[in-house]
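Only one structure is covered here, and it is reproduced in the block below.
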Amino acid sequence: MNFKINAEIAYTHVTSRMKQSIIAALGVAFGISMYVFINGLLKGSNDYFDKKALANLPEVRIFNDGNTNSLNKITNGISIQNPRQILDMIKKDSGVKAEAALVTSNIIYRNDSLQSIGTIYGVNILNEDKMFDIKSIMSKGKIEDLLKIKNSILIGSGIASKLNVNVNDKILVTSANGESIQMIVAGIFETGIKRLDRTKSYASISNVQYLLHQGSTYITEIDFNLKDLNKAPKYAEKYARLTGYSTEDWMSVNQTIGAGMAIRNDIALAMLITILIVAGFGIYNILNMTIYEKMKDIAILKATGFDKKDILQIFITEALMIGLSGGMAGIILGYIVSYCVSLIPVRLAHINNLPFDFHLMNFILGFLFGTITAFFAGYFPAKRASLVDPVQIIRS
């Protein structure tokens, strides 16, 4: 028999039991919509929290810990003696997404009688923004003002609160060696991490070099991010070998972040598989009932020339009709539910709305998984139907 006739018979079976078919399709639609919704929420949440966890953490950092094997001798404190050469090497690396050189120092912030202890980061603010998207955490002012205003500084919201200062106010910054600069607050940022907001600030590299009584080539650290952050350990090892300096990667420094990612992904996968299996049982039950009720029809089909392959094809086609229709409805419903929920304000810990991932692949995988589940849910009842003995059925 040809596929067209088998498909027509399958269509007749589906439409003759419209209520049961709709229920089965709704089961698939519900399963896939929950897949799209939960996967979008978990992926969006994971990406959001992973981004927050890595927001102030370079994926790879190069520094001089005082035990360097570099051919250059340490002449001016714990610094990298050939920063431009290393930066040029990193920029040419196709796996690197962004890089930045910086100078850090422990300092004291003062405003009249008020003071606070913290760490100042001397940076090229535009390069640092490529690394950590500083623009997104600015609550007042702009990062470009750090370039426009002489002796300016960007401070955390905790520092601003403790010193009672605002944008365009002046504060005194003093290093451990006693050098001081009066600086203008060009902007205030808020990372959402209190420890950083109470201590961290950004200034130009030259200002921090001046505070430390160092020249223009003094660099304490080079950071870079990768196109694939999972390759950080390999890159750290590579640049330790190439430069002779110490290196760190985000995975070795923050192993709990990597473990958290893996655990969340495993939990998400388990939940999603469970949802699809439940949807598959719905189709399985419907087809089982259909086969039981249509035993005589199946016997007549086999008696009139339909073989095992035809019977198998008919009932698998039924399952796929239910699965495909339910799959299309499921991804549409999943998108609508996800979009509506993403608009609900939550206002929790700097999260204004629930983070969702609306990547196309999420919907494609949901549809494919639903279709595959429907296929296997239909295969086993179909296999049973193909083994029916028409003589015994007709006699009974």
Within region 79-192, considering only strands (runs of 3 or more DSSP E) that don't extend past its boundaries, which have at least 1 residues that are of a type outside the set (A, V, I, L, M), in contact with a strand residue (DSSP E or B) (Cβ under 9 Å, 6 or more places away or on another chain) and closer than 27 Å to ARG61 by Cα? 96-111, 114-123, 152-156, 170-175, 180-189
Of the residues in region 152-182, how many are modelled with pLDDT of 95 or more, under 22 Å from GLU221 (Cα atoms) and not hydroxyl-bearing (Ser, Thr, Tyr)? 5
Any pair with Cβ under 8 angstrom, 6 or more apart, that starts in region 224-242 at a residue that is outside the structural domain of MET89 (by TED's automatic domain parsing) and ends at one that is crowded, with 20+ Cβ neighbours inside 10 Å and at pLDDT below 90: none
Residues that are more than 30 Å from the chain's Cα centre (by Cα), in contact (Cβ under 8 Å) with a residue 40 or more places away in the chain and surrounded by fewer than 14 Cβ atoms within 10 Å (Cβ to Cβ), drawn from region 91-133: ASN106, LEU114, ILE117
So SER113 fits all but one of (1) farther than 23 Å from LYS97 by Cβ; (2) modelled with pLDDT of 95 or more; what number is the exception? (2)
I want to confirm something. Restricting to region 182-227 and keeping residues that are farther than 16 Å from LEU147 by Cβ and among the aromatic types (Phe, Trp, Tyr), which single residue is farthest from the chain's Cα centre (by Cα)? TYR210
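The values are calculated or read from the model by the stated rules, or taken from the named source; none is laboratory data. Treat the numbers as computed from the prediction; the structure is a model and nothing was measured. Because the Cβ atoms are built from the backbone with ideal geometry, glycine has one as well, and the counts that use them run over all protein chains shown.
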